[in-house]
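What follows is calculated from the coordinates using simple rules that are stated; it is not laboratory data. Everything numeric here is computed off the predicted structure, so don't read it as measured data. Don't worry about glycine lacking a Cβ; one is built from the backbone with ideal geometry, like all the others, and counts go over all protein chains shown.
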Amino acid sequence: MNGLGITKFATNPMMDKLRAGQPSVGSWLSLCSPVVAETMALVGWDWLVVDVEHSPVGFDTMVQCFRAIQLGGAVPMARVPWNDTIWIQRTLDAGALGLVVPMINSVEEAESAVSNTRYATRGIRSWAGSRVAPYIDGDYQTWTEDNLAIMVMIETVEAVEHAEAILSVEGVVGGFIGPADLALSMGTKDTGPGTEHEAAMLEVLRAARKVGKAAGKYCFSGAEVSMRIRQGFQFLGCASDAAFLSAAAREEYAAIDLTE
């Protein structure tokens, strides 16, 4: 019996955009639902990050979300819980085509993250193939050398101070700003244009552009994504499945006339 077949890809389309100097826009998944993941992918995002750091999602559900994201036409990624060998290597084996690695504060931590994504002799990733390997047009091991998107999170004062050196690490594709944790690290709730918090984020952008890497940021709206693209950011996350659901539900609830 003939099946529907599979789509094979020679490169990571999200990486293609970044290499061409173009913006790449995605969103965050925290609702732990493969059905939601597929629905989000069909919107047209370049990529979707399954948030394994700050959501209840389990490993098996993450794998199913990867499948759904890929089916919907987006690049499956994950934010791992930490810069951890087991999590990084297992998540790649599960089918992630990119990782967001939190709390990278030094060159050494960035080098460790990259090493866990690469096979010997360039790294320490153990060979067991990957769930996504049959969908690669070519050899998966070779493919990973240029196509895994490794984004390190710049989300502390220390990381901002070392941003240029961190982003200079070979194998790091870019730096992704976590605005909330950065504000916590700075001991401030004062954010927005003209603040020290904004200046710190623009310093990360400056450092990324100097060393030829992509600067990214979590954004709270499509309008902010557009603004950040104009500033020169390339890797932009627009809100999340939970944020979109909550906003739409609140809007419709507020429109209901409960008066008799």
Q. Just for segment 8-55: of the residues that are in contact with a Lys or Arg (Cβ under 6 Å, 6 or more places away or on another chain) and of a type outside the set (A, V, I, L, M, F, W, C), which one is nearest to residue 149 (Cα to Cα)?
A. 24
Q) With respect to residue 138, is the statement that it is under 22 Å from residue 83 (Cα atoms), touching a residue at least 40 places away in the same chain (Cβ under 8 Å) and either not hydroxyl-bearing (Ser, Thr, Tyr) or not in a helix (DSSP H, G or I) (or both) true? A) no
Q) When the residues of segment 29-67 are filtered to those that are among the aromatic types (Phe, Trp, Tyr) and farther than 26 Å from residue 212 by Cβ, which remaining residue is surrounded by the fewest Cβ atoms within 10 Å (Cβ to Cβ)? A) 59
Q.
Of everything in segment 34-55, what is touching a residue at least 40 places away in the same chain (Cβ under 8 Å) and over 21 Å from residue 220 (Cβ atoms)? Give them in sequence order.
A. none
Q | All positions within segment 185-205 that are surrounded by 14 or more Cβ atoms within 10 Å (Cβ to Cβ) and without any contact (Cβ under 8 Å) to a residue 24 or more places away in the chain | A | 191, 195, 197, 198
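Could you check segment 1-114 for strands (runs of 3 or more DSSP E) lying wholly inside it with 2 or more residues that are among the β-branched types (Val, Ile, Thr)? Steps first, please.
On the way: elements: 24-29, 47-51, 75-79, 98-101.
Of the strands (runs of 3 or more DSSP E) lying wholly inside segment 1-114, those with at least 2 residues that are among the β-branched types (Val, Ile, Thr) span 47-51, 98-101.
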Q: For segment 152-216, please list each of the helices (runs of 4 or more DSSP H) lying entirely inside it that holds at least 3 residues being farther than 23 Å from residue 17 by Cβ.
A: 157-161, 179-186, 196-211
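Does segment 75-86 contain any residue that is farther than 25 Å from residue 156 by Cβ, of a type in the set (A, V, I, L, M, F, W, C) and surrounded by 15 or more Cβ atoms within 10 Å (Cβ to Cβ)? Reasoning before the result, please.
First pass over segment 75-86, keeping only residues farther than 25 Å from residue 156 by Cβ: 75-76.
Retained after the next criterion (residues that are of a type in the set (A, V, I, L, M, F, W, C)): 75.
Filter again for surrounded by 15 or more Cβ atoms within 10 Å (Cβ to Cβ), leaving 75.
Yes.
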